[in-house]
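Chemist: Take a look at this one; I'll ask things after.
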Amino acid sequence: MNFYERMMSLDRRWVYLVIGVVVVMTAIYPFRVPLYITPEARSVYDFVESLTPGEVLMIGVDYAPEVMAELHPMSYAITRQCFSKDIKLLLCCLHQNGPGMVEQVVAQVAEEYGKVNGTDYVYLGYKPYPGITILAMGQNFRIPFPEDYYGTPLDSLPMMRTITNFDNVKAIINISGGSGTEYWINYANGRYNAKLAIGVTGVMTADYYPFLQSGQIFGLIGGMKGASEYEYLAEKGGYISKEKDQLVASKSMPIQTTTHIVIILFIVIGNVGYFMTKGKK
Amino acid sequence: MGTAELIWNGVAAFLVLSIYSFLYKDNPFYKFAEHLVVGVSAGYFAIILYYNAFLPKLINPLRAGQYWYIIPGILGLLMWARFSRKWQWLSRPTLGFVIGGGAGLAIPLYLQNYVLRQLSATMLPVGFTTWPLIRNVLIIIMVFCALAYFYFSKQHKGAFGGAAQIGIWTLMVGFGAGFGMTVMGRVALLAERVVFLRDYFATLLSTLF
Amino acid sequence: MRRTLPIAVVTGMGLFMLVQYFIPLEEFETLYEWVLDWTMVIGCFAMLLGLYSLTTMMVTKVKRKAPGWGYSLVALAGLFFMVFVGVVPHYQDSLKYGTLFMDLFEYIYIPIQAAMFSLLAFYIASAAYRAFRARTILATILLLSAIIIMLRLVPLGPLSGINQWLVNFILTVPNMAAKRAFWLGVGLGATATALKIMLGIERGYMGRD
């Protein structure tokens, strides 16, 4: 077996080892990664920036722990920006294993800013059948959510006195790791013309550019890179700080850079080996 | 980090490393963590379903005297007839209620949002004088060529075949973009876990020493 | 009757939901809200089906002492402990951040689930090395597109500006065109399937007699 044939029949665990070493070394010796801010992420930030104190923004958080690496930083950055600007938040979760993720974000950030549940934010909780829940929210939030996540009747919450349905929120930002985004686009924006922006995983980002171009969504935060772009903008705006360890996505970006380089090298080496051994077969 | 948080994070770090041990080979630590998460997630969902769905949508309204909620409750219970071969036909009206409603809603909404609005967004101003206009020309050509590729009722020959060829090139660029973004997405998941392990062990070492 | 009634329900519900979309009558709005409300109650019971299936499968494995039954015991223990901790002692306050229920979610469920999916980064690297070949022109186009997208995270010095422009072009022109063709297909396919369901042609949801 010559060098190229041995290279092509390499045990996959060696590949895992190389990735593991690169990732660990980068984690121990991180570096600053220059960032290019995409217009689609900036438009979400600029929209939230344009809101005035007292206005209501809805965040639909539809993800579970498996994609939290990419989406949790978006939730934290947007929530911190809103609470800094005294924007009221209405949150819901339509993923069955996601309610705890929202509770984690909202409880921690509300405590940082001294925000009160029921007055400064309302967390509606979870309901099954996301499409039906969104359609029902478009009529009246009280149809799917007669009580909030904690069991308090919605009508007893001061913030909900002036909120009936999507017409009373300035926009909806859907942060989703699955098919929930399609329901928000189809039902919330499609039926009720709700202003909608989305934050999605890297895997899903490329799929939603048609909706950005058609105007069905006004912004798109794509994956961990999008989250780090939003964190960069929020840091410049003074809403989050590196000293308080609030730049969650940006901490992982150096590992993204080095791992991408290694994977590209693997592709090149794999193809070199393939072409060198192809002629011999 | 307090002691309790240090211990909890230690448990989390142990479970993460148990999962990563699968990369070498399957082992009892991995199997333990895998089965633990299945049970914990099922228990978590059961509690969330009870407090966030059953309690506010069925139990509390019945307690408050809104007895008509018994009807959807019975319809929901009939769904469970699916587990019996003899009585599974009882679940069909309930399924019909849900599926029929969904189908009726889907027709106008899918046509409007995925077809008409997408087609109208493709009707862009064209020209060859500025780059935005040239981009619009490219978008229109690529959309219709990609659609031509998916039309299999006519042979892909001649001018139509040429359009289908441009279509498949467009699709390949799109799939490549999707793959590139997928790599970023997967690596992000690993990066976050490694950063968690790094931060935990750094805190543990600084606490102990 | 066993097949006719469900089909009648599907067609009736479908027609109502389709008609109410176009006719803004107050009575239709009330009926529409009532249908949505009932569907959510039915949904609560539907979600329980999965939980029931999982629990019975694990209990059966333990009863029969099938290979790996110890791990099923771990899963069952996790499930019942989560349910116990979610009810005792705080009842619905267990859902608040800082309780034992939420600590188990944060330090057991989150780390294991996140670590399991982070294994995909290793698998995608292995797949990139072993399977991603520029065998044909189409595969080469896909590969080049993917590499340009992946390079967006790599500092390339003077080439960074060109790469960012290329990435933006790929995502907003050919990728957008390809995905638009895909969504058009999804919209038309979903509409056709919904029509087939409403007209009783598609009856897979009913199961067998």
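Throughout, read-outs are computed from the coordinates displayed, never taken from laboratory work. It should be emphasised that the depicted structure is a prediction, and the values quoted were computed from it without experimental measurement. A quick note on method: Cβ atoms are made from the backbone with ideal geometry, for glycine too, and the neighbour counts reach across all protein chains shown.
Chemist: In percent, what relative contact order does region A:39-246 have, based on Cα pairs under 8 Å that are 6 or more apart in sequence? Mind dumping the intermediate values first?
Modeler: Values: 382 pairs, mean separation 56.6, N = 208.
27 percent.
Chemist: Would you mind giving the mean number of other chain beta-carbons within 10 Å of the Cβ of each residue in C:21-31, as a whole number?
Modeler: Values: counts 7, 1, 0, 0, 0, 0, 0, 0, 1, 1, 0.
Mean number of neighbouring Cβ atoms from other chains: 1.
Chemist: With r defined as the distance between the Cβ atoms of C:Thr193 and B:Thr3 and R0 fixed at 41 Å, what FRET efficiency is calculated, to the nearest 0.05? Mind showing how you got there, number by number?
Modeler: Values: r = 57 Å, r/R0 = 1.38.
That gives a FRET efficiency of 0.15.
Chemist: Estimate the FRET efficiency between C:Arg2 and B:Arg63 by the formula 1/(1 + (r/R0)^6), using the beta-carbon distance for r and 45 Å for R0, to the nearest 0.05. Mind dumping the intermediate values first?
Modeler: On the way: r = 35 Å, r/R0 = 0.78.
Step by step, r from the Cβ atoms, then E = 0.80.
Chemist: Roughly how many debye, to the nearest 20, is the charge dipole of region C:1-117 about its Cα centre, given +1 on each Lys and Arg Cβ, -1 on each Asp and Glu Cβ, and no other charges? Working shown, then result.
Modeler: Working: 7 positive and 8 negative charges, 226 e Å.
I would put it at about 1080 debye.
Chemist: Something else now. Explain nothing, just the number: dipole magnitude of chain C about its Cα centre with +1 on each Lys and Arg Cβ and -1 on each Asp and Glu Cβ, in debye rounded to the nearest 20.
Modeler: Values: 16 positive and 10 negative charges, 286 e Å.
The dipole of chain C has a size of about 1380 debye.
Chemist: Sticking with this structure for a sec: What would the Debye formula give as log10 I(q)/I(0) at q = 0.07, 0.11, 0.17, 0.18 Å⁻¹ for the alpha-carbon point model of region A:39-246, no solvent?
Modeler: The computed values of log10 I(q)/I(0) come out as -0.17, -0.44, -1.16, -1.33.
Chemist: To continue, here is another question. Give me B:Trp89, A:Trp14 ranked fewest to most by other Cβ atoms within 10 Å of their Cβ, as a rough exposure proxy.
Modeler: Working: B:Trp89 20, A:Trp14 11.
With the fewest neighbours first, B:Trp89, A:Trp14 line up as A:Trp14, B:Trp89.
Chemist: Right, next: For the protein assembly as shown, with only Lys/Arg (+1) and Asp/Glu (-1) charged at the beta-carbon, what is the dipole magnitude about the Cα centre, in debye rounded to 20? Mind dumping the intermediate values first?
Modeler: Working: 54 positive and 40 negative charges, 588 e Å.
My answer is approximately 2820 debye.
Chemist: Please list, by residue number, every one of the chymotrypsin sites (Phe, Trp or Tyr not before Pro) in region A:28-109 that is coil in DSSP and has at most 13 other beta-carbon atoms within 10 Å.
Modeler: Working: sites: A:Phe31, A:Tyr36, A:Tyr45, A:Phe47, A:Tyr63, A:Tyr76, A:Phe83; in loops: A:Phe31, A:Tyr36, A:Tyr63.
Answer in residue order: A:Phe31.
Chemist: Shifting gears a bit: Using alpha-carbon positions, what is the distance between the centroids of region A:241-265 and region A:1-62, in Å?
Modeler: Here the answer is 6 Å between Cα centres.
Chemist: Something else: I'd like the distance between the alpha-carbon centres of region C:56-124 and region B:170-209, rounded to an integer number of Å.
Modeler: Each part reduced to its Cα centre gives a spacing of 24 Å.
Chemist: Still on this model: Just counting partner chain Cβ atoms within 10 Å, what average do the residues of peptide B:13-24 show around their Cβ? Write down the numbers at each step before the final one.
Modeler: On the way: counts 3, 1, 8, 6, 2, 3, 9, 7, 0, 4, 10, 3.
For this peptide, the per-residue mean of nearby foreign Cβ atoms is 5.
Chemist: Okay, moving on. Starting from the Cα gyration tensor of region B:75-209, take the square roots of the eigenvalues, sort them a ≥ b ≥ c, and report rounded, prolate or oblate (rounded when a/c is under 1.5, otherwise prolate if a/b is larger than b/c, else oblate). Could the numbers behind the result be given before it?
Modeler: Details: a/c = 2.53, a/b = 1.11, b/c = 2.29.
Because a/c hits 1.5 or more and a/b fails to exceed b/c, region B:75-209 counts as oblate.
Chemist: Distance check, please: which entries in A:Lys251/A:Lys278; B:Lys86/C:Lys65; A:Lys127/A:Lys236 exceed 31 angstrom between their Cα atoms? Walk me through the numbers before you get to the answer.
Modeler: Values: A:Lys251/A:Lys278 42 Å; B:Lys86/C:Lys65 29 Å; A:Lys127/A:Lys236 37 Å.
Pairs exceeding the cut-off: A:Lys251/A:Lys278; A:Lys127/A:Lys236.
Chemist: Could you give the nm distance between label points at B:Leu77 and A:Glu112, where each point is 7 Å from its Cα heading toward the beta carbon?
Modeler: Each label point is offset 7 Å from its Cα along the Cβ direction, giving 4.8 nm.
Chemist: May I pose another question? Hey, what D do you get for the protein assembly as shown in µm²/s if you plug the Kirkwood alpha-carbon radius into Stokes-Einstein at 4 °C and 1.567 mPa s? Walk me through the intermediate numbers first.
Modeler: Values: Rh = 27.1 Å.
Result for D is 48 µm²/s.
Chemist: Another question, then. Report the Rg/Rh value for chain C, based on alpha-carbon coordinates and the Kirkwood definition of Rh. Write out the running numbers ahead of the final one.
Modeler: Working: Rg = 26.1 Å, Rh = 24.2 Å.
Ratio of gyration radius to Kirkwood radius for chain C: 1.08.
Chemist: Which value at 222 nm does chain C reach when only helices count, each DSSP H run of 4 or more adding -39,500 (n - 2.57), with the total divided by all residues and rounded to the nearest 500 deg cm²/dmol?
Modeler: Working: 8 runs with 155 residues, N = 209.
About -25500 deg cm²/dmol.
Chemist: Counting Lys +1, Arg +1, Asp -1, Glu -1, what net charge surrounds A:Phe218 among other residues with beta carbon under 13 Å of its beta carbon? Display every interim value, and only then the final one.
Modeler: On the way: positive: A:Arg42, A:Lys170, A:Lys195; negative: A:Glu40, A:Asp46.
Within the 13 Å Cβ shell, the charges total +1.
Chemist: Using a cut-off of 16 Å between alpha-carbon atoms, which lysines can reach B:Lys31, once sequence neighbours fewer than 8 places away in the same chain are excluded?
Modeler: Counting by Cα, and skipping residues close in sequence, B:Lys31 has these lysines nearby: C:Lys61.
Chemist: Let me ask another. Taking the Cα centroid of region C:11-54 and of region B:50-120, what is the distance between the two, rounded to the nearest whole Å?
Modeler: Centre-to-centre (Cα) distance: 5 Å.
Chemist: Then there's this: Take the cross-link list A:Lys88/C:Lys179; A:Lys115/A:Lys242; A:Lys244/C:Lys96; A:Lys85/A:Lys195 and give me the ones stretching past 29 Å between alpha-carbons.
Modeler: Working: A:Lys88/C:Lys179 35 Å; A:Lys115/A:Lys242 22 Å; A:Lys244/C:Lys96 24 Å; A:Lys85/A:Lys195 20 Å.
With Cα atoms farther than 29 Å apart: A:Lys88/C:Lys179.
Chemist: Taking each residue of A:124-134 in turn, how many C-beta atoms of other protein chains fall within 10 Å of its C-beta, and what is the average? All intermediate terms of the calculation are to be shown ahead of the outcome.
Modeler: Details: counts 1, 6, 6, 8, 14, 11, 1, 6, 12, 4, 1.
The mean count of partner-chain Cβ atoms within 10 Å per residue comes to 6.
Chemist: Ok, one more. Could you work out the helix-only [θ] at 222 nm for chain B, with each DSSP H run of four or more residues adding -39,500 (n - 2.57) and the total divided by the number of residues, to the nearest 500 deg cm²/dmol? All intermediate terms of the calculation are to be shown ahead of the outcome.
Modeler: Details: 8 runs with 148 residues, N = 209.
Using -39500 (n - 2.57) per qualifying helix, the result is -24000 deg cm²/dmol.
Chemist: If you filter region C:41-93 for trypsin sites (Lys or Arg not before Pro), then keep DSSP loop positions with at most 15 other Cβ within 10 Å, what is left? Display every interim value, and only then the final one.
Modeler: Details: sites: C:Lys61, C:Lys63, C:Arg64, C:Lys65; in loops: C:Lys65.
Passing both the DSSP loop test and the Cβ count: C:Lys65.
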